[in-house]
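The values are calculated or read from the model by the stated rules, or taken from the named source; none is laboratory data. These numbers come from a predicted model, not from an experiment. For neighbour counting, all protein chains shown are included, and Cβ atoms are generated from backbone atoms with ideal geometry for every residue, glycine included.
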Amino acid sequence: MEAKLAECTRIFQKFKAAYQQNDYDTCSNLLSQLKVKLTEFPALPPAYKQTSTAVQELILAREIFEHAIVLSVKTEDQDAFERHFLQLKPYYTDTRDLIPRSREEYPILGLNLLRLLVQNRIAEFHTELELLPPEAHENPCIKHAVELEQSFMEGAYNRVLSARQAVPHETYVYFMDLLAKTVRDEIAGCSEKAYDFLTVADAKKILMFSTDRELQEYAAEDHNDWDIRNGCVYFQKVKDLAPCKEIPSLQLINQTLGYARELERIV
Amino acid sequence: MVVRALSPRVHHEVGLAPREKFAPASPSDRGASGSTSAVAGLPQHGPEGGTMTVVSTASGLLAMLREQHPVLKLHALNNLNAFVDHFWPEVSTNISAIESLYEDETFDQRQLAALVASKVFYYLGELNDSLIYALGAGPLFDVTEESEYVQTLVAKCIDEYISLSVKASETIEESPPLDPRLLAIVEKMLDKCMADGKFQQAVGIALECRRLDKLEEAITKSENIPSLLAYTLRLSQTFVTKREFRHAVLRLLVRIYQSQPSPDYLSICQCLMFLDDPSTVATTLDDLIKGDKVDALSAYQVAFDLFENEYQLFLLNVRDRLPEVRASSSLDVAGSGAPAAVPVAMPAQPVTADADNGATADSGPTAMDTSDGEPSERTPLLAREPSPAPQVQPVHVVQPVRESPEPTAAAEDAAESSEMSTYAQRLTRLKGILSGETPINLTLQFLYSNNRSDLLILKTIKQTVELRNSVCHSATIYSNALMHAGTTVDTFLRDNLDWLSRATNWAKFSATAGLGVIHRGHLQQGRSLMAPYLPQNGTGGASPYSEGGALYALGLIHANHGEGIKQFLLESLKNTNNEVIQHGACLGLGLAALGTADEEIYEDVKNVLYTDSAVAGEAAGIAMGLLMVGTASEKAGEMLAYAHETQHEKIIRGLALGIALVVYGQEEEADTLIEQMTRDQDPILRYGGMYALALAYRGTANNSAIRRLLHFAVSDVSDDVRRTAVLALGFVLCSEPEQTPRIVSLLSESYNAHVRYGAAMAVGISCAGTASSEAISLLEPLTSDAVDFVRQGALIAMAMVLMQTTEARDPHVGAFRRQLEKIILDKHEDTMSKMGAILAQGILDAGGRNVTIMLQSRSGHDRMTAVVGMAVFSQFWYWYPLLYFISLSFAPTAFIGLNHELRMPRFDFISDIRPSVFGYPPSIAPPTTTSAVKFPTAVLSTSARAKARQKKDAAGKGHVLGGSSPGHADVGSSAEVSGDFNETTSSGKDGTAMEVEAGPEKKPAEANTEVLSNPARVVPAQEKYIKFREDSRYMPVKRSRPSGFVMLKDLEPSEPEELVSTDTPISAGAPGTAPSAAAAANAPPSGLGADDWDPPPPESFEYIP
């Protein structure tokens, strides 16, 4: 076990070194190796065997996953982020009593919140938030995410966009960029509901585009049903208000007659 | 707001998850479920360490599933497999990932993925999906695991397999081959059952799967093969509904039985009877009687058991396949010439035969018709000749064992010296049993000598019913006939000849026919008894009604054993054109030739039918059915065609019932015909269809039959059909009487009186003799129904249910008897319910209180005669004379122990229960009836002391009959013959309480056990209390069932046997006759076994109030 641990630590050192040099391909390869190695440690979730090296194993594994998350931000791989985060989570929740807290815990949790916000998974965002202890809300990383969410909900999109300047951690930048897109989607969605059409100028303003071209690209990419002509953007409302359903009178009559007949037969 | 769509399956299935071990956290989204699922009941790891680490979520593992590296996927799957029991809600949201892993051909642990998926689907309640994946999991799905998941799935698997294999076996076309994986699991399971010693389970599964190979394996591998065989036999009778497969199972059973070192011949022959294989039975029996004494005893026991199933055609076939007794060896001439004759005790033959002249002479005046000594006991059997007596004598002259005219023992010794003659004797005895001669004689004797009918009841009825009311008048006659069914006691009739003569026309017909019920089974004398009433050739003297009645009576006497009489009946039928006589002759023929499918008789009866006379045609229709019972012959189509042709409702009804009888016991094979009948426009044919359903599925409790009957019970437009449909439920459920009250309970509250009537009769039929409390509580309100015929039905049904029940067993009996009395006495009561009450009295005390209604034999086979009798009986709604058919369903509740000579040795055994619980009900008190009946309950406790004194007096005086002291209105005066502690039979608990009160001056409280002597009355409910003494000289060959005919093994064969002396007048009446007098004195009961035994004159038993 010790040997394996040492082996793992060694690879992890290599990983860190590569990471320092921003050699993300090597990092990915090494990470993959590391994860396979980790499956051999019995003290890790969900087995939680009590081994002599349990604490080291847990700490090492946690650190590996923390790094994996950061790496996935760097490589802008949201799926990998989610995967790694979910695998990391037991180290934060289930092993509180076994190993000391990680320094990186709040930044990573905050990062995750931000990711949920970006992906517009508000329900999960709140679930995650509820799971945090009250004192965590004081942490700048968490606080940042919470404030963003509030602004987002209020519709104070300018505040959301301006928050980019005040990120608590450099890794947050990636998501903040993505957030702008999320905000735009949200606005576009609202506009569809609110207006039949907008002039291109207004649309540009609302959707925070500087050029017509950007607007056109955006419309072509995400909103095929928008129609841009005559200097206006027409939102094609889906007329899905189905006409009132007709009452199936014949069927009802038949049923009622059937019941009456059955009642007659009841003995 | 975005709510992530859950997989729809999850959405609505979570609540239905089959076996939730804990309140499931609703499957929240991945990553979000966090600690919500960290609830109690999660596995706690590291118990050996101080800290407990609790797994709170499987989301990490699920995330790992999406990793690229296969090792990671595998790791995740492994862990998921371990945790799926707790985290299935989370896993279920990702089930598609697991499914796709399973479908990924490149993934080398697909089976593991399948297992996890299977478990998740199991928790979601999707057993079908779960099963598919479990099959995909291959060897990883471990049937030996004890988890609920595995058990459920294995059960599901077996169910699936069963339904597939049943389907495969039922469709003719080639069905798609079974999934071998399914098969593997089932077989694994079966092997496991066997390895664990759970052979009964294995047998059950194998039976359900229709796997004969596995069935055989399970049986032969077990340690206790006999018990398992018995278990299988029972299962095959009760649970295997498909005839074809049941037969296959039975054939297998026979094979296994035969391969046993000591085969259980009783069971083998039962199986063979179900298979309708008379020749093998004959061979088996023949082999047995070639063996030693014990084998011979088994052979007799087998024969008796077969007899009890009352399958005449089969019995005759067996008998005919037995080898002929060699001409050289003695009595064979008699044996084969008149097969039904001489069976009983060959060894006694020398004696009795020598004495024959005398015996013949004095056996004459046994019963009512005081004809001279002319009829020898053989007469009816050789009845083809007008004057048979001369032929009989020569037969007897050929004496087998000449050397000693000594009593039986000597003759027996001599006989045994020659093996050949031993064999011949045994063979003849065996044939005697199979032909029914021996058991019928023994039964008749038992019923005669133990007759406890209460003439006072009849007297009361007779006095109270109005003379002009012919319905009640005939009802009294019916009632009398039922009360004395099979006892040959016709005192009541003879005492009231004047009164009897008021019966005219059809009443006369039934009065005469009633004699047949009373003398039922009196085969030898039957014809001579009825002689005064029978049609005389050429001289049309007597009334056609009594002549017809007499022919019907002959049929009743010879019911199901009519070899000797059917020729005579046939001639009577041919010689008459009178429709009343034809009516009687048809019914008589039908009864006598029940189920023999005799072509000649059938043709003649058909000719009667084609005369298109309503009266005769109805009987002809029924008779054709009776003849063809259970043959499913194509004659049914012929009958149906004529039913469509004729205009007479009576004929249609007779034919409809006849057709129903033809399909008796055919189950599914009758479905086409049943369908045809139940869809007919004519309500009478639909009504026949109900009977066809009832009889085809008698005692099977077949669900589809019940469903169809219930459908007709509520939807048909004709009241008759509805009534019959409900009534028919009683037949279908007669093997499971506890079910019937539940099923018809709603119907018994129907607004339609006919349905209520049917419900009452259904309960009566299926719960007959059970005294089941559900049945009683269902019937009780109906006995005071607003509609008269419902009351009638309920009273009759109640009487059927309460047959042979004492108040000690069920206090309702007393109340019911009082109710009957009240109805009979009430001047303002409707005739219908009065009639019901009178009949109920008759049924309640039927056969001298020694019979009960048994639609199934003790071995669980349906008694065809009984069921048929009951079905025709239920026709009395239209035609009162058919009431007598109920006598066919009476079975004596007797223990009759027999030794190897088929005679009754002295043999005691113990009934381990208070005698009053199963005793005879006390005779009712003398004349001041009204007050007297109510008396006991009113004054029991207060008059305890006086009563005690009286009792003592009574005991002192010896057996004073209750009638002698009118002041003693109490029950204690029931001076039974066994008169010791039996007197306390007053009224159950009251009786006991009273005794305690009475204190020390009373006799000690009622004994807890009772010693019964062979032959004894053992009512069915009593059987479980019967114990045989270990130190007894005799041992029953078959210990399982202490009632009916039981062969006794003599453990001290060297000692002289002491035989039971019965109080039949045979010994008293026979004295001074012949050289045999001395012998009779030595071994009085020898007369019993002797073939010339006659029921003695009844006078000696009668008592005059």
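Is it fair to say A:Ile122 is more than 10 Å from chain B (Cβ to nearest Cβ) and aliphatic (A, V, I, L, M)? Outline the logic, then answer.
Details: more than 10 Å from chain B (Cβ to nearest Cβ): no; aliphatic (A, V, I, L, M): yes.
Taking the combined requirement at face value, the residue does not satisfy it.
Going through the range B:492-511 one residue at a time, which ones are of a type in the set (A, V, I, L, M, F, W, C) and in a helix (DSSP H, G or I)?
To start, the set of residues in the range B:492-511 that are of a type in the set (A, V, I, L, M, F, W, C) comprises B:492-493, B:497, B:499-500, B:503, B:506-507, B:509, B:511.
Once the filter is applied, which keeps residues that are of a type in the set (A, V, I, L, M, F, W, C) and in a helix (DSSP H, G or I), the range B:492-511 yields B:Phe492, B:Leu493, B:Leu497, B:Trp499, B:Leu500, B:Trp506, B:Ala507, B:Phe509, B:Ala511.
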* Could you check A:Met176 against (1) buried (at least 17 other Cβ atoms within 10 Å of the Cβ); (2) at pLDDT 85 or above and say which number it fails? => (2)
* Conditions: (1) of a type in the set (Asp, Glu); (2) assigned to a helix (DSSP H, G or I); (3) away from chain B (no Cβ under 11 Å); (4) within 27 Å of A:Ser32 (Cα to Cα). A:Glu76 meets all but one. Number of the miss? -> (2)
* Filter result (part of a helix (DSSP H, G or I) and facing chain A (nearest Cβ under 7 Å)) within the range B:63-97 -> B:Ala63, B:Met64, B:Val71, B:Leu72, B:His75, B:Asn79, B:Phe83
* Structure fact -> If we ask which residues in the range A:131-177 are more than 13 Å from A:Leu109 (Cβ to Cβ) and either outside any helix (DSSP H, G or I) or within 14 Å of chain B (Cβ to nearest Cβ) (or both), their number turns out to be 7
* Does any residue of the range B:850-860 turn out to be surrounded by 22 or more Cβ atoms within 10 Å (Cβ to Cβ), in a helix (DSSP H, G or I) and touching a Lys or Arg at 6+ places or on another chain (Cβ under 6 Å)? -> no
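Looking at A:Glu135, A:Glu154, A:Glu128, which is the one that is acidic (Asp, Glu) and touching a helix residue (DSSP H, G or I) at 6+ places or on another chain (Cβ under 7 Å)? Before you say what the answer is, go through the steps one by one.
Numbers: A:Glu135 fails: touching a helix residue (DSSP H, G or I) at 6+ places or on another chain (Cβ under 7 Å); A:Glu154 fails: touching a helix residue (DSSP H, G or I) at 6+ places or on another chain (Cβ under 7 Å).
Exactly one of A:Glu135, A:Glu154, A:Glu128 is acidic (Asp, Glu) and touching a helix residue (DSSP H, G or I) at 6+ places or on another chain (Cβ under 7 Å), namely A:Glu128.
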* Is it the case that some residue within the range B:274-293 is in contact (Cβ under 8 Å) with a residue 24 or more places away in the chain and outside any helix (DSSP H, G or I)? -> yes
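Does the range A:15-39 hold any residues that are among the hydrophobic types (A, V, I, L, M, F, W, C) and touching a residue at least 40 places away in the same chain (Cβ under 8 Å), and which are they? Working first, answer last.
Step one: of the range A:15-39, the residues among the hydrophobic types (A, V, I, L, M, F, W, C) are A:15, A:17-18, A:27, A:30-31, A:34, A:36, A:38.
A:Phe15, A:Cys27, A:Leu31 - these are the residues of the range A:15-39 that are among the hydrophobic types (A, V, I, L, M, F, W, C) and touching a residue at least 40 places away in the same chain (Cβ under 8 Å).
Take the conditions in contact with a helix residue (DSSP H, G or I) (Cβ under 7 Å, 6 or more places away or on another chain) and not in a helix (DSSP H, G or I) and apply them to B:Val489. Does it pass?
Yes; evaluated as a whole, the condition is true for this residue.
Only one of these is within 17 Å of B:Gly204 (Cα to Cα) and in contact with a Leu (Cβ under 6 Å, 6 or more places away or on another chain): B:Ser222, B:Ser298. Name it.
Details: B:Ser298 fails: within 17 Å of B:Gly204 (Cα to Cα).
Result: B:Ser222 is the single residue among B:Ser222, B:Ser298 that is within 17 Å of B:Gly204 (Cα to Cα) and in contact with a Leu (Cβ under 6 Å, 6 or more places away or on another chain).
Of all residues in the range A:113-130 being in contact (Cβ under 8 Å) with a residue 40 or more places away in the chain, in a helix (DSSP H, G or I) and not basic (Lys, Arg), which is nearest to A:Glu154 (Cα to Cα)?
Initially, the range A:113-130 is screened for residues in contact (Cβ under 8 Å) with a residue 40 or more places away in the chain, giving A:114-115, A:117-120.
With in a helix (DSSP H, G or I) added as a condition, the list becomes A:114-115, A:117-118.
Now narrow it down to the ones that are not basic (Lys, Arg): A:114, A:117-118.
Working: A:Leu114: 17, A:Leu117: 14, A:Val118: 16 Å.
The extreme case among them is A:Leu117.
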* Quick one: is B:Ser528 under 30 Å from B:Thr806 (Cβ atoms) and at pLDDT below 85? -> no
* Of all residues in the range A:1-60 being within 14 Å of chain B (Cβ to nearest Cβ) and of a type in the set (Lys, Arg), the one that is surrounded by the fewest Cβ atoms within 10 Å (Cβ to Cβ) -> A:Lys49
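Would you kindly identify the helices (runs of 4 or more DSSP H) lying entirely within the range B:700-804 that contain at least 3 residues that are of a type outside the set (S, T, N, Q) and within 14 Å of chain A (Cβ to nearest Cβ)?
Working: elements: B:703-715, B:719-732, B:740-744, B:753-766, B:773-782, B:788-801.
Passing ranges, in order: B:703-715, B:719-732, B:753-766.
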* To do: Could you check the range B:436-485 for helices (runs of 4 or more DSSP H) lying wholly inside it with 3 or more residues that are within 23 Å of B:Gly549 (Cβ to Cβ) and without any contact (Cβ under 8 Å) to a residue 40 or more places away in the chain?
  => B:470-483
* How many of the residues in the range B:130-148 are outside any loop (DSSP other than H, G, I, E, B) and closer than 22 Å to B:Glu103 by Cβ? -> 10
